[in-house]
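This is the structure I have questions about; it appears just below.
The values are calculated or read from the model by the stated rules, or taken from the named source; none is laboratory data. It should be emphasised that the depicted structure is a prediction, and the values quoted were computed from it without experimental measurement. As a convention, Cβ positions derive from the backbone with ideal geometry for all residues, glycine included, and neighbour counts pool all protein chains shown. These area figures cover heavy atoms from the full protein model, side chains too; ligands, DNA and RNA do not enter into them. Shrake-Rupley method; radii C 1.70, N 1.55, O 1.52, S 1.80 Å.
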Amino acid sequence: MQSTFSPITFNKTEIKVLNQTLLPRIEEYEVYSDYLDMTDAIKKLKVRGAPLIGIAAAYGISAAINTHTASSLAELLEFYKKLRYAFYQTRPTAKNLFYALERLDRVVENPNIITINQLRDALENEAILIHKEDEQSCLKMAKNAAEILFNKKDNYTFLTHCNTGSLATGGIGTALGVIKYLHSQGKNIHVFVDETRPLLQGSRLTAWELHKERIPYTLITDNMAAQIMKNHQIDAVIVGADRVTKNGDSANKIGTFQLAIVASYFNIPFYVAAPKTTFDTSLITGDEIEIEIRDDSEVTRFNGVESAPIRSKSENYAFDVTPNALISGIITEDEIYFPQYKFFDK
Ligand code: MRU
């Protein structure tokens, strides 16, 4: 199974990005050659989703290195440092961004690279590889989930949050990838899609993907989740992650934590699907994860129009952390982990 579209394509000096802020009304691709356009696109969520942010940064750096007219390797390496800093600053929570930068660092530090062209080729190959590996990971996660978790019947009803599909990854997706894969295997699937305030990644993006794939879904506002879990037979809540710590605590789009609490109340399994590139083994618990705080206007305005009195105070945490105790399993490309989570301690 392959994704039916790609939110990002790369061609040496240019990156073509589907502007996700315009979906679902307008499907418009923008072409960037300047790395500042790419960092801006990441900050503004034109390109978003943990794995895709890492891929976009890798392509952004490679395109900039390919375009830069350096007269020596030392000059190009200086430029790399500037690029790295610019991408490092874009969004703090998704581990995949920093994973991609670390992969590129290892290329840059390779003592066998001694010419400008060698560096250009090596960075380009690495960026393409990061993308390809994520595509493979998505498929493996989906297969693992289908084989081990969702193999007992023909009908499954899920509830999901935010967007974790092709728009967020280099492949079919993480949590949404599992759902799409089960559908492709002939299972009867129904998905309750959280709208995902404040930026509506659920209604704008996940519903858009499900519509494209002809997978039946019902859109709900975030505050309907408990009522839906009470009144419908939900087999599992399945979400993605932006960072998973050593003990299994998982950061994901704001609202995920409360979903996990409600799922636990109703004894509904709560699964996280995330590639290993999302795991941060330098952090012991989720308390150490830096949570992105975004502009107040995303909360005080709706579709560009004021939806609160002028100068209202607001909070705008982009992510929250679901404690490991509420997570029934973490689906990865290698295996599915169950509590007690102790990653990489073996
Ligand atoms: O702010 P976003 O839209 O980048 O947030 C995305 C999410 O929270 C996703 O659930 C997460 O990145 C997992 S993506 C496969």
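Test of the criteria: in region 116-221, which trypsin sites (Lys or Arg not before Pro) are in a DSSP loop and have at most 14 other Cβ atoms within 10 angstrom of their Cβ? Display every interim value, and only then the final one.
Details: sites: ARG120, LYS132, LYS140, LYS143, LYS152, LYS153, LYS180, LYS187, ARG204, LYS212, ARG214; in loops: LYS152, LYS153, LYS187, ARG214.
Answer in residue order: LYS152, LYS153, ARG214.
Place +1 on the Cβ of every Lys and Arg and -1 on the Cβ of every Asp and Glu in region 224-346, take the dipole about the Cα centre, and give the residue among ILE261, PRO323, PHE343 whose Cα lies farthest towards its positive end.
ILE261
Give me the accessible area of SER282, 1.4 Å probe, in Å² rounded to the nearest 10.
Looks like 90 Å² after rounding.
Moving to a separate point now. So how far, in whole Å, is the C-alpha centre of region 77-100 from the one of region 271-304?
A separation of 16 Å, based on Cα centres.
Still on this structure, I have one more. Report the dimensions of region 267-346 along its three principal axes from the alpha-carbon atoms, largest first, rounded to Å.
Principal extents (largest minus smallest coordinate, Cα): 54, 30, 21 Å.
Where nothing but the Cβ of Lys and Arg (+1) and of Asp and Glu (-1) is charged, how large is the charge dipole of the chain around its Cα centre, in debye to the nearest 20?
On the way: 37 positive and 43 negative charges, 122 e Å.
Dipole about the Cα centre, nearest 20: 580 debye.
Determine Rg/Rh for the chain; Rg is computed over alpha-carbon atoms and Rh is the Kirkwood hydrodynamic estimate from the same atoms. Provide the component values of the computation, followed by the final result.
On the way: Rg = 20.0 Å, Rh = 20.5 Å.
Value, to two decimals: 0.97.
Can you list the equivalent-ellipsoid semi-axes of region 211-346, largest first and in whole Å, using the square root of 5 times each Cα gyration tensor eigenvalue? The partial results should precede the final answer.
Values: eigenvalues 155, 90, 38 Å².
Values for region 211-346, descending: 28, 21, 14 Å.
Continuing with the same structure: Return the Cα extents of region 100-237 along principal axes one, two and three, sorted largest first, each rounded to a whole Å.
64, 35, 23
Give me the base-10 log of I(q)/I(0) for region 5-77 at each q in 0.12, 0.14, 0.21, 0.22 Å⁻¹, Debye formula, one uniform scatterer per Cα, rounded to two decimals.
Normalising to I(0) and taking log10 leaves -0.33, -0.43, -0.84, -0.91.
GNM, the chain, Cα, under 10 Å: largest mean-square fluctuation among GLY60, GLY248, GLY304?
In this elastic network of the chain, the residue with the biggest mean-square fluctuation among GLY60, GLY248, GLY304 is GLY304.
A further question follows. Full-extension gain between LEU22 and GLU78, please, as 0.36 nm times their residue separation minus the C-alpha to C-alpha distance.
16.6 nm
With unit charges on the beta carbons (Lys and Arg positive, Asp and Glu negative) and the dipole taken about the Cα centre of the chain, which residue among ILE172, MET38, LEU182 sits farthest to the positive side?
LEU182
Moving to a separate point now. Which residue, ALA308, LEU97, LEU283, has the largest displacement toward the positive end of the dipole of the chain when charges sit on each Cβ (Lys, Arg +1; Asp, Glu -1)?
Positive-most Cα among the choices belongs to ALA308.
Run the simple label-point estimate for LEU219 and GLU14 please: 7 Å along Cα→C-beta, distance reported in nm.
3.3
For the chain, modelled as a Gaussian network with Cα springs under 10 Å, which listed residue fluctuates most, MET224, MET141, MET38?
Ranking MET224, MET141, MET38 by mean-square fluctuation puts MET224 first.
Heavy atoms only, 1.4 Å probe, whole protein assembly: order PHE158, PHE98 by accessible area, highest first. Could the numbers behind the result be given before it?
Details: PHE158 0, PHE98 25 Å².
Order by accessible area, largest first: PHE98, PHE158.
Tell me the accessible surface of HIS68 in square angstrom (1.4 angstrom probe, heavy atoms of protein chains only), to the nearest ten.
Accessible area of HIS68: about 50 Å².
What value does region 8-136 have for Rg/Rh, both radii from Cα atoms and Rh as Kirkwood defines it? Don't jump to the answer; show the numbers that get you there.
On the way: Rg = 14.1 Å, Rh = 14.6 Å.
Rg divided by Rh gives 0.96.
I've got another one for you. What is the distance in Å between the Cα centroid of region 136-198 and that of region 1-17?
21
Residue separation times 0.36 nm, minus the C-alpha to C-alpha distance between ILE128 and TYR88: what's the value? Write out the running numbers ahead of the final one.
On the way: separation 40, 0.36 × 40 = 14.40 nm, distance 1.91 nm.
Between ILE128 and TYR88, full extension yields 12.5 nm more.
Straight-line reach from LYS44: which lysines fall under 20 Å, measuring Cα to Cα and dropping same-chain residues less than 8 apart?
Answer for LYS44, where 20 Å is the Cα cut-off: LYS16, LYS95, LYS253, listed by chain and number.
A further question follows. With 32 Å as the limit, write out which pairs from LYS276/LYS313; LYS82/LYS313; LYS46/LYS342; LYS187/LYS230; LYS12/LYS342 have Cα-Cα distances beyond it, or answer none.
On the way: LYS276/LYS313 37 Å; LYS82/LYS313 35 Å; LYS46/LYS342 35 Å; LYS187/LYS230 23 Å; LYS12/LYS342 40 Å.
Flagged as over cut-off: LYS276/LYS313; LYS82/LYS313; LYS46/LYS342; LYS12/LYS342.
Using a simple spin-label model with points 7 Å from Cα along the Cα→Cβ vector, what separation in nm is obtained for GLN136 and GLU30?
Distance between the two pseudo-spin positions: 3.2 nm.
Multiply the residue gap between ASN267 and ASN112 by 0.36 nm, knock off their C-alpha separation, and tell me the result in nm, one decimal place.
Values: separation 155, 0.36 × 155 = 55.80 nm, distance 5.51 nm.
Extra length from ASN267 to ASN112 when fully extended: 50.3 nm.
What does the convex hull of the Cα atoms come to per residue for region 273-319, in Å³?
Working: hull volume 5.4 nm³, N = 47.
Output value, Cα hull per residue: 115 Å³.
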